[in-house]
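The values are calculated or read from the model by the stated rules, or taken from the named source; none is laboratory data. No experiment lies behind these values; they were computed from the predicted model shown. FYI the Cβ positions are ideal-geometry reconstructions off the backbone, even for glycines, and counts take in every protein chain you see.
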Ligand SMILES: [Zn+2]
């Protein structure tokens, strides 16, 4: 995992703070709105406004890449959609990149397909000079608006709950351990649905058992931060998040072992009762899409010229 010493660079402009806090109803973006001890800022002085891309050398380089690729020409470190309010616990996992927010898989697929079509358009349209032929990207209306929490573990034994999910360590698989926080290798994390339904959250899905494999939960836990048809409620720039997430793929680490227990709302109990499901952490699926987008979005006007030349010769 790449760590980024962001703290000294995380300087949101003071006039941004009230707007960001109000846009999230004065709650931490990752905490459940229902927990009494949740993060109402009036009662909590450990909250902070986190910047997706900040003014660190790495952040500024990421911003330059974003601008060169024309992903969000008007976006800047001070843009409102570069900020998320976080409680101290969630800042501690997002700041060093233990959890990374990334646009949903289907949105990465939309971006890839859009870019491939758009590139063909720019190659074919030789009437327009390459330097005037700008890249286009899907608008937020064309995306699902979900941002997924990528678990890049290994995790410390203090993992905060996430909106809609209770998170704890489990002793499953470590017979004889009498301390539930005892570290195992790899570590084990248990996810449980919150009993109360939480809006605008995507919970892990469960793949039923087959003849050849056990049931499996897929940790595609996502937060709806940009409802496609409500521009006034768009909270986060997906291209900034994509750029940020690119900084974290390809790390040399062993992800945590993760387990999931669904809640049966009709029977009012957790199912299955005893044995939590193994969690499939779909990091690979994000990684290849992110790397593909980095390669596609890094193509320059010179690359476009070369491609046009090749087309003219053929
Ligand atoms: Zn929080």
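Couple of notes before you dig in:
- Residue check, residue 131 in contact with a strand residue (DSSP E or B) (Cβ under 6 Å, 6 or more places away or on another chain) and modelled with pLDDT under 95: no
- Residues that are more than 28 Å from residue 97 (Cβ to Cβ) and in contact (Cβ under 8 Å) with a residue 40 or more places away in the chain were ranked within the stretch 208-249; the one that is surrounded by the fewest Cβ atoms within 10 Å (Cβ to Cβ) is 229.
- Test result for residue 106, modelled with pLDDT of 90 or more and either under 14 Å from the mean Cα position of the chain (by Cα) or within 16 Å of the ligand (Cβ to nearest atom) (or both): yes
- Any hit, the stretch 46-54, residues being within 16 Å of the ligand (Cβ to nearest atom), over 23 Å from residue 234 (Cβ atoms), modelled with pLDDT under 75 and surrounded by fewer than 16 Cβ atoms within 10 Å (Cβ to Cβ): yes
- Odd one out for residue 31, checked against (1) within 16 Å of the ligand (Cβ to nearest atom); (2) farther than 27 Å from residue 294 by Cα; (3) modelled with pLDDT under 85: (3)
- Check on residue 64, more than 13 Å from residue 237 (Cα to Cα) and modelled with pLDDT of 90 or more: yes
- Test set (1) modelled with pLDDT under 80; (2) surrounded by 17 or more Cβ atoms within 10 Å (Cβ to Cβ); (3) within 13 Å of the ligand (Cβ to nearest atom) - residue 38 fails condition number: (2)
- Residue 143 falls short of the stated requirement of being within 16 Å of the ligand (Cβ to nearest atom), modelled with pLDDT of 70 or more, in contact with a helix residue (DSSP H, G or I) (Cβ under 7 Å, 6 or more places away or on another chain) and at negative phi.
- Subset of the stretch 68-100 (residues that are away from the ligand (no atom under 15 Å from the Cβ), part of a loop (DSSP other than H, G, I, E, B) and touching a strand residue (DSSP E or B) at 6+ places or on another chain (Cβ under 8 Å)): 77
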